[in-house]
Amino acid sequence: MARRSTTEREEQPATVTLVEGRTLRCQGAWTMSEVGKVERVLAVMDWPAGGAFRFEGSGIAAFDTGGAVVLSRAVMDARLRGCEVTVEGLRSEYLQLMSLVSANWSVMMAHVAVRPDRTQLLTALLRRSMTQALQGVEFVGRTSTALLHLIRSPARLRWRSTLNSLRLDGVNALPITGLLTFLIGVVIAYQGAEQLRKFGTNIFIVDLVGISLLREIAPLIAAILIAGRSGSAYAAQIGTMKVTEELDALQTFGLSPIDLLVLPRVLALVVALPLLTVYADVLGVFGGMLIASNQLNVSFTAFLSRFEEAVALRHFLIGIGKAPIFAVIIALVGCYQGFQIRGGVDDVGRHTTISVVQSIFLVIIFDALCSILLNWWSL
Amino acid sequence: MALVAPTEAPIIEVSHVSTRFGPAIVHQDVSLTVIRGEVFAIAGGNGCGKSTLLREIIGLLTPTTGSIRLLGANSRELEQPDGSPLHRRFGVMFQHGALFSSMTLSENVAVPLKEHTTLSARLIREIVALKIALVGLPPDSAVKFPSELSGGMRRRAALARAIVMDPELLFLDEPTAGLDPMIAAGFDDLVLELKRLLGLTVVMVTHDLDSLWRIADRVAVLGEGRVLGMGTMEALAASEDPLLRGYFHGPRGRAAQQNHVGASP
């Protein structure tokens with residue numbers, strides 16, 4: 001059943017020539033790699049309207065389903081124009097392929113006709129985002145009730161995974177958080193130094209660095225770092241467990257994934273992020289202090305004594321106070337996106353990205369709200 | 001195949017292949033040939049190196065020593081960075097389908113056509129539709145993503161992708177593993193049908209004794225790093241080799257044989 005002449009693998013190009021307007025001579029290799037040219041020629045050919053029309057196929061040297069589809073379509077087109085079509089000279093094994101194509105022609109056309117319905121896609125999209133919002137609310141609710149249960153019987157807390165999470169997401173994040181806020185402190189002091197020197201109000205560098213860092217920048221930088229570092233990891237870990245059916249296995253043991261996976265992570269971050277923020281405060285102010293003494297001749301002692309009077313305790317408390325809420329946002333979004341993963345590899349990547357974008361978005365929204373509200377209460 | 005001239009070289013020739021992964025010896029001096037037009041099965045217990053041998057034949061792995069000739073060329077040719085024309089002449093269906101999860105079924109099947117041919121978009125759609133119809137998938141499945149298909153449908157979709165270029169040679173890695181008996185039998189029939197329609201030579205790796213009895217023309221049984229036996233199922237089942245007897249005459253082996261003998265008068 002060799003349907004191509006395997007000895008002549010170096011395929012000569014497929015060609016068609018119209019002889020006397022009534023015969024189409026087909027030659028060469030009608031295979032998928034060659035038949036594209038013929039298809040283009042056939043598409044612009046002058047077909048006779050009506051009468052007899054002959055396809056002469058004895059010159060076809062190789063033939064596969066691609067060639068068969070092209071030839072079948074040419075035959076159909078000729079018939080549609082009212083021609084009486086005959087196909088001659090095809091080898092028997094090529095004829096078999098032709099009948100295979102014609103036997104499946106109607107099914108093929110049904111396949112080709114299936115297109116995704118656009119309005120249906122839109123409503124599906126709307127419905128999906130609605131259910132996702134509802135599922136988000138449900139997830140927050142389930143985590144809250146699990147937390148209430150935990151408060152009633154604290155012995156149920158998974159100490160091991162909580163402490164492990166504390167180490168991974170808190171302790172291990174110290175170097176990068178410290179380095180970044182130190183550099184941010186340096187940058188703010190440099191930019192401020194330019195302006196303050198003009199007015200000779202060098203000592204106000206303390207107010208600038210102290211208040212902006214403690215109140216806004218250190219908590220935000222720490223939160224954004226943790227969202228990128230831990231939020232994404234939560235989504236990927238839980239999502240992979242879902243794909244490999246580990247979550248289902250947990251449930252068959254009567255264990256709740258929320259108790260086991262979500263609460264330890266939420267609690268660990270709620271502890272870790274405020275601590276990281278304090279650490280970030282210290283290193284950021286230290287960076288500012290270095291530049292102040294270097295560029296503005298504000299000595300360390302002068303800086304620190306001014307710090308005591310200029311930076312009220314409430315700035316520090318507001319900054320620290322936001323951190324646990326940032327932590328809850330990051331942990332919940334990360335875990336939630338992990339549970340949303342269905343299907344495969346593609347989904348894990350997508351939801352990991354979504355978790356980072358969403359948690360940073362929500363953190364900044366919440367931070368802006370805080371600023372507005374606190375401004376009203378003139379704090 | 002009566003049409004095959006006796007002088008024609010075998011379509012696959014594995015000669016004296018040995019494979020080692022560090023200290024672990026997978027194959028030692030494995031030789032076998034596959035003839036054009038047959039259904040050739042590679043069988044053997046778990047971990048006997050069936051899939052490794054398959055991966056070596058299709059150029060994903062290089063054997064430690066020995067050579068493999070595929071369609072008249074050295075399979076090392078497949079390692080060339082810009083691809084070899086050899087790639088268009090065989091199709092592979094992987095064990096879990098290996099469908100690209102970010103594409104719909106029809107996009108998956110169209111990948112080789114888009115990459116290797118200059119056909120128009122319309123013709124590609126028609127050829128894809130023909131192949132999807134040939135493997136027996138319903139029209140509306142064409143726009144679905146792999147995650148929306150059942151296991152059996154995914155297997156058929158992977159088969160459609162493997163045959164889309166009309167390969168001369170089709171490789172199947174455990175085609176019926178994890179399918180229910182009805183669907184597995186249907187899949188066996190489908191492979192035979194496609195082989196007849198498209199003139200394929202089929203090489204499959206399988207554990208499935210029912211499949212071996214139903215569709216394999218010849219079987220090579222691997223074990224202990226070598227070919228324990230090669231031939232028709234009847235010949236292998238009649239062998240006195242204790243390892244082969246263990247493989248074919250366990251309770252499942254006998255049941256499969258009886259099924260086959262009962263089914264074909």
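Some points to look at:
- Test: A:Val311 is in the same structural domain as A:Asn164 (by TED's automatic domain parsing) and without any contact (Cβ under 8 Å) to a residue 24 or more places away in the chain: no
- Criterion (closer than 30 Å to A:Leu267 by Cα and assigned to a helix (DSSP H, G or I)) met by exactly one of A:Leu100, A:Leu126, A:Leu122, A:Leu134: A:Leu134
- Restricting segment B:120-149 to residues that are more than 8 Å from every other protein chain (Cβ to nearest Cβ) and hydrophobic (A, V, I, L, M, F, W, C), the residue that is nearest to B:Val109 (Cα to Cα): B:Ile124
- Residue ID - farthest from the other protein chains (Cβ to nearest Cβ), chosen from residues in segment A:343-367 that are without any contact (Cβ under 8 Å) to a residue 24 or more places away in the chain and more than 29 Å from B:Phe100 (Cβ to Cβ): A:Ile365
- Scan of segment B:119-163 for residues that are without any contact (Cβ under 8 Å) to a residue 12 or more places away in the chain and either over 26 Å from B:Met204 (Cβ atoms) or of a type outside the set (A, V, I, L, M, F, W, C) (or both), ordered by number: B:Leu119, B:Ser120, B:Ala121, B:Arg122, B:Leu123, B:Glu126, B:Pro138, B:Pro139, B:Asp140, B:Glu148, B:Ser150
- Of residues in segment A:77-122 being surrounded by 11 or more Cβ atoms within 10 Å (Cβ to Cβ) and polar (S, T, N, Q), the one nearest to the other protein chains (Cβ to nearest Cβ): A:Asn104
- Selection of first residues in segment B:250-262 that are modelled with pLDDT of 70 or more and of second residues that are of a type in the set (Ser, Thr, Tyr), restricted to Cβ pairs under 7 Å at least 6 apart or on distinct chains, gives the following pairs, ordered by first then second residue: B:Gly253/B:Tyr247.
- Candidates A:Ala49, A:Ala78, A:Ala62, A:Ala74: the one that is touching a Lys or Arg at 6+ places or on another chain (Cβ under 7 Å), of a type in the set (A, V, I, L, M, F, W, C) and within 22 Å of B:Ser120 (Cα to Cα) is A:Ala62.
- Subset of segment B:103-119 (residues that are within 8 Å of chain A (Cβ to nearest Cβ) and not in a helix (DSSP H, G or I)): B:Thr117, B:Thr118, B:Leu119
- Qualifying residue in segment B:175-194 (condition: crowded, with 23+ Cβ neighbours inside 10 Å, within 25 Å of B:Pro63 (Cα to Cα) and not basic (Lys, Arg)): yes
- Scanning segment A:13-37 for residues that are under 47 Å from the mean Cα position of the chain (by Cα) and more than 10 Å from chain B (Cβ to nearest Cβ) yields A:Pro13, A:Ala14, A:Ala29, A:Trp30.
- Annotation note: Cβ proximity below 8 Å between a residue of segment B:57-71 that is in a loop (DSSP other than H, G, I, E, B) and a residue that is among the aromatic types (Phe, Trp, Tyr) (sequence gap 6+ or interchain) occurs for B:Ile58/B:Phe90; B:Ile58/B:Phe171; B:Leu71/B:Phe90.
- The condition (being over 17 Å from A:Tyr234 (Cα atoms) and either under 22 Å from the mean Cα position of the chain (by Cα) or surrounded by 18 or more Cβ atoms within 10 Å (Cβ to Cβ) (or both)) is satisfied by just one residue among A:Phe326, A:Phe316: A:Phe316.
- Some residue of segment A:332-342 being closer than 17 Å to A:Gly231 by Cα, surrounded by 17 or more Cβ atoms within 10 Å (Cβ to Cβ) and within 14 Å of another protein chain (Cβ to nearest Cβ): yes
- Of the residues making up segment A:83-100, just one is of a type in the set (Gly, Ala, Ser) and over 54 Å from the mean Cα position of the chain (by Cα), namely A:Gly89.
- For the residues B:Gly49, B:Gly91, B:Gly44, B:Gly59, the requirement of being more than 14 Å from chain A (Cβ to nearest Cβ) and over 28 Å from B:Leu243 (Cβ atoms) singles out B:Gly59.
- Residue match in segment A:45-62 (condition: assigned to a loop (DSSP other than H, G, I, E, B) and within 12 Å of chain B (Cβ to nearest Cβ)): no
- Filter result for B:Leu105 (aliphatic (A, V, I, L, M), crowded, with 16+ Cβ neighbours inside 10 Å and touching a residue at least 24 places away in the same chain (Cβ under 8 Å)): yes
- Of all residues in segment B:14-25 being under 20 Å from the mean Cα position of the chain (by Cα) and crowded, with 17+ Cβ neighbours inside 10 Å, the one that is nearest to the other protein chains (Cβ to nearest Cβ): B:Val14
- Apart from one condition, B:Ile35 fits all of (1) within 12 Å of another protein chain (Cβ to nearest Cβ); (2) more than 23 Å from A:Pro13 (Cα to Cα); the exception is (1).
The values are calculated or read from the model by the stated rules, or taken from the named source; none is laboratory data. Model, not experiment: these values are computed from the prediction. We place every Cβ from the backbone using ideal geometry, glycine too, and count neighbours over all the protein chains shown.
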